[in-house]
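Down below is the structure, laid out as structure tokens.
The values are calculated or read from the model by the stated rules, or taken from the named source; none is laboratory data. Predicted model only: the values in this text are computed from it and were never measured. No Cβ is skipped: glycine too gets one built from the backbone with ideal geometry, and neighbour counts run over all protein chains shown. Just the protein is used for accessible areas: all its heavy atoms, side chains included, with ligands, DNA and RNA removed. Shrake-Rupley method; radii C 1.70, N 1.55, O 1.52, S 1.80 Å.
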Amino acid sequence: MISEKLKNNAYVFYIAVIVLVIFRLLLTITIPLLDKTEARYAEIARIMWETNQWIVPEIDYGVPFWAKPPLSTWGSAASYLIFGVNEFAARFPSFLLSIILIIITGKMVQKEGKSFYLPGFILLTMPEFLIHTGVVSTDTTLEFCIVMMMISFWKTIQSDTKTYWNYIFFVFFGFGLLAKGPLIMVLTFPPLFLWCCLDFNRFKQLFSKFSIVIGLLITAIIAVPWYYFAEQQSPGFLDYFIVGEHYKRFVEPGWKGDLYGSGHSQPKGMIWVLLIAFAFPWIQIVAYKLWKNRATIFKNEWASFLILWAFWTPVFFTISSNILHTYLLPTAIPIMFLIVFWWEDLTRKKAIIRTALLFPTVVFIAYFGFVATGQLDHKMNSDKYILAKLNAKNENTAIPIYYWKDKNYSGQFYTNGKAQSIKNEGQLDSVLRLKKPFFLAFPTKKKQEIPQKYLDQMTLAESNYKTSFFKTK
């Protein structure tokens, strides 16, 4: 039965979760695909859908994308087959996986006498999780695989005999290798090993309750074929992906070998600052409870399991300079479970609930404020609205669109791959000599990089806060 303390807030959790899910679905449908990362993965999936090339993802026609395995791309491309090519279809797999996680964790805590909606409330008020509930990326897929592996491990160890959870662990190990590669091992195996080290009897349980040989065979059957065929169809993939993406990216500040962008150089240890910000306010509560219970906390099996799960990811990325806040997504679920574990002991729950609602409220006000003032199209980091306006003005004429040096991925997506790039002045001269109208797009803040002699031959057609589109006179 649900405790009396939880009953007092159960209605609040229920309403908040329903409203937040509906609001997040609204954003998933209405917000354009944002540059650079989200639009990039949506475009990779669109090319896969269009070309029917399901083995080697392509970042542009004929240009292989070696940076990530294809699981999340498969999801978006399959979603296009069902819903058509649009923002919602691209984001739907991520949205669905996040909702499934909320349901699974809700069912788990409900069996322990807690409110089914408490995990959903915590997760949907945590900035990192709320942002990724409906964002095109590989991180949500990776998170789902990590959560299923960790829950399966816990369920298997806690069972008196071998259980089907043992096989689920290896199934999602295989899917994790298809979601983001060997990183799935880096983020799961060390905390599991450390947890077993707290009680060496757990190693005996591990070998008696896990069908390791059969399990690894299941993992291999799921993951190995894609790696083999990807290398066969695109030689060089394994070297770039294994060595570059999983070693050099994290140990070389500002890694220059990235074929698809640039390294995100940050001061070492910055991951902890990001954790404080993107897991607010729940990580602050966890930190307080850990300090308060520091003498006894590791004596509890479940709590120690969650602590190692939650904090291994930021510990691992502490030494890395190339980081993003998205790397913290795997910490969301264990942080939530820790809050649920301590929920009965927390005082001033109403103040905690109000504080937790701050971030969703700010996002809610900002979204409807932009809509009401007509600023949404200008403030979004996307070329969707500009392209829509240009199409409306020139609906009877197909005018080519060129990007100066580098195409925006949203521009690629919303032109169905027709946008092209001009890399230098010589190419621009060649296009101008054709004496046919075209649009030239470039970052607004980099207008000074375009020689004046070219700007004199063009007029501003449309712009937003980030990108300007000029049309030849």
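Would you point out the residue of the stretch 311-325, among those that are over 17 Å from the mean Cα position of the chain (by Cα) and modelled with pLDDT of 85 or more, that is surrounded by the most Cβ atoms within 10 Å (Cβ to Cβ)? By that ranking, first place goes to W312. Of all residue pairs spaced 6 or more apart or on separate chains, those with beta-carbon atoms under 8 Å, a first member in the stretch 405-419 that is assigned to a loop (DSSP other than H, G, I, E, B) and a second member that is among the charged types (D, E, K, R) and open to solvent by less than 30 Å² (accessible area, probe 1.4 Å) are N408/D35; N408/D383; N416/R46; G417/E43; G417/R46. Residue count for the stretch 390-415 under the criterion of being open to solvent by 50 Å² or more (accessible area, probe 1.4 Å) and among the basic types (K, R): the result is 2. For the stretch 51-68, name all the residues that are open to solvent by 30 Å² or more (accessible area, probe 1.4 Å), aliphatic (A, V, I, L, M) and within 17 Å of N416 (Cβ to Cβ). Within the stretch 51-68, just V63 meets the criteria.
Restricted to the stretch 428-473, the set of strands (runs of 3 or more DSSP E) holding at least 1 residues that are among the aliphatic types (A, V, I, L, M) comprises 439-443, 458-463.
Among the numbered conditions (1) part of a helix (DSSP H, G or I); (2) closer than 30 Å to N86 by Cβ; (3) open to solvent by 10 Å² or more (accessible area, probe 1.4 Å), the only one that L142 does not meet is (3). When the stretch 26-53 is filtered for residues that are closer than 17 Å to Y385 by Cα and part of a loop (DSSP other than H, G, I, E, B), the ones remaining, listed by number, are I31, P32, L33, L34, D35, K36. Of the set (1) more than 23 Å from the chain's Cα centre (by Cα); (2) farther than 19 Å from W312 by Cβ, all apply to V171 but (1). Checked against the criterion of being surrounded by fewer than 15 Cβ atoms within 10 Å (Cβ to Cβ) and more than 30 Å from E301 (Cβ to Cβ), the stretch 335-347 contains not a single residue that satisfies it.
Please tell me if L118 is in contact with a Lys or Arg (Cβ under 8 Å, 6 or more places away or on another chain) and in contact (Cβ under 8 Å) with a residue 40 or more places away in the chain. When the stated conditions are applied, L118 does not pass them. Criterion first (of a type outside the set (S, T, N, Q), part of a loop (DSSP other than H, G, I, E, B) and surrounded by fewer than 20 Cβ atoms within 10 Å (Cβ to Cβ)) does I353 satisfy it? Taking the combined requirement at face value, the residue does not satisfy it. Each residue in the stretch 416-442 was checked for being within 20 Å of P32 (Cα to Cα) and either out of contact with any Lys or Arg (no Cβ under 9 Å at 6 or more places or on another chain) or open to solvent by 40 Å² or more (accessible area, probe 1.4 Å) (or both), and 2 of them qualify.
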